[in-house]
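Presented below is the structure to which this report refers.
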Amino acid sequence: MRCKECGERAQDPTLRYCENCGAKMPTPPPGSIRRTSVGTAAVQTTGRSRSTSTARAVPARDEAEDTNPGPRRVRTDDADEHTDPGRPAAPPYDGPIWLAHVPGHSPTVLGVGLLGVALVLSILPFFAGVGALGTLAVFVGGWLVTAREMRVAGARHGLVDWVPDSLLHPAVPAVYAVLTVGLAIRMLGIGLTPLLWLGGAGLIGYDQYRKVYAGETGFSRLFEPRQLIRGTSGVALGGVVLCLVSLFLTWTPGRSYSGPVPTTQGPPGLEVVDAPRPSDDVVYSLLAQAYDKGWDKPLAETMELLLLAVLALLALRPEVARPGWLRFVPIAVVVLGLVWTLACGALLPGPLLFLAGLAAVGFAGVYQAFTREA
């Protein structure tokens, strides 16, 4: 048989389309070889009659099946192998296995999840927390950072798709990383929640350092951390470290039980020997000293973040333009810290060490405010 379009002779008479141009081949005449419905070849004879068994063994194929190949059902494996060429297929994930099931395959999202677990555990009375204000900041900031990570990765979710792009500026994850690191310092200790805070803050800080800080377009063009070990900036760095260490020390005297000693009522011949006072009880003593540290004072986390902001200002590159009043911010923070210490502390090692750190920060702030050119 020849093709009506290009005239090419078909090598296989059972083909319905031309091998050369793809046009539809003419219907083979009676008596030629045709393909049957079971995929075998059978010879169509002329008017000679056949037995019923032979006719049933070779069923006749409908003419419409030869002339009009309608839509057929595609198997699932065929559909997976033959995708739409106009739609790019998603590349297979070849990253770390511990991020395979994390939304967006982002370490930041995993870190936010660890912080979320720590916040949920802080609801229980025997797990430490960061307070209502810190919890709200971590929750809202984590929501925005997760939305940004999933949008960058091309992943979609109804909880974060509605967040506008104006709230996903690179400064948001940068500030959130500093916030989580500061709160992780506050949560240092022995237990499950300190490990969750260190893990979450470490993942967020490591991932966002590569994404929003390092590189020519990152915030490294504005900050130079090595300036904090030069000149008076090193004095300020040492002062901030002293202030943070002092918050782990005692700030107020421990409570003691001053009431009457309880006595056991009983028969006259019954005598109680060595009745323990409530202040000598181990559990009572631990609970009484649990609220004497500097971190347990009101606005302790806020004061810590203000001191970290002072370090960020001192780490600005000299060529970065800044308003003139910004050089007086370290002095203002020192004044606020002094007032806070007098309101919350006592003559104990913690407040005294905090005042020493404030003095170092104040010295560096005054020196740079009045010696550097405006």
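Remark on TYR17: its backbone amide H falls under 5 Å from those of MET25, a criterion applied only to residues 5 or more positions apart or on other chains, H modelled at 1.01 Å from N. Phi-derived couplings, Karplus 6.51 cos²θ - 1.76 cosθ + 1.60 at θ = phi - 60°, listed residue by residue for the stretch 137-144: 5, 5, 5, 5, x, x, 5, 5 Hz, with x used for Gly and Pro. Residues whose amide H falls under 5 Å from that of THR250, counting only those 5 or more places apart or on a different chain, are GLY350, with hydrogens built in the peptide plane. Protection proxy ranking, highest mean first, for peptides 351-360, 316-325, 97-106: 351-360, 97-106, 316-325, where packing is the per-residue count of other beta-carbon atoms within 10 Å, averaged. Fully extending the segment from HIS101 to VAL339 would add 80.8 nm, taking 0.36 nm per residue of separation and subtracting the current Cα-Cα distance.
Accessible area per residue for the stretch 193-232, computed on protein heavy atoms with a 1.4 Å probe, is 57 Å².
Under a 5 Å amide H cut-off, with hydrogens placed 1.01 Å from N, GLU8 pairs with CYS3 among residues at least 5 apart or on other chains. Residue-wise HN-Hα couplings along the stretch 124-131, as the Karplus relation 6.51 cos²θ - 1.76 cosθ + 1.60 with θ = phi - 60° gives them from phi, are 6, x, 9, 10, 6, x, 10, x Hz; Gly and Pro carry x. With each label modelled as a point 7 angstrom along the Cα→C-beta vector, the ARG16-TRP143 pair spans 5.8 nm.
Considered as an equivalent ellipsoid built on the Cα gyration tensor, the stretch 304-373 has semi-axes of 26, 11, 10 Å, the largest given first.
Compute the length gained on full extension between GLU319 and PHE370: take 0.36 nm times their separation in residues and subtract their Cα-Cα distance, giving the result in nm to one decimal.
On the way: separation 51, 0.36 × 51 = 18.36 nm, distance 1.80 nm.
The GLU319-PHE370 span can extend by a further 16.6 nm.
Within the stretch 290-326, name every residue whose backbone N is under 19 Å away from a label modeled 7 Å from Cα of PHE126 along the Cβ vector. The answer is 290-291.
Rounded to whole numbers, the Karplus 3J(HN,Hα) couplings from phi for the stretch 307-319 are 5, 5, 5, 4, 5, 5, 5, 6, 8, 5, 5, x, 7 Hz, using 6.51 cos²θ - 1.76 cosθ + 1.60 with θ = phi - 60°, and x at Gly and Pro. With R₀ set to 45 Å, the beta-carbon distance separating ARG230 from VAL117 gives a calculated FRET efficiency near 0.65.
The values are calculated or read from the model by the stated rules, or taken from the named source; none is laboratory data. Here the structure is a predicted model, which is why all the values come from computation and not from measurement. Reconstructed Cβ throughout: ideal geometry from the backbone, glycine too, with neighbour counts over all protein chains shown. The protein model used for the area step is the full one, side chains on, heavy atoms only, and it has no ligands, DNA or RNA in it. Shrake-Rupley method; radii C 1.70, N 1.55, O 1.52, S 1.80 Å.
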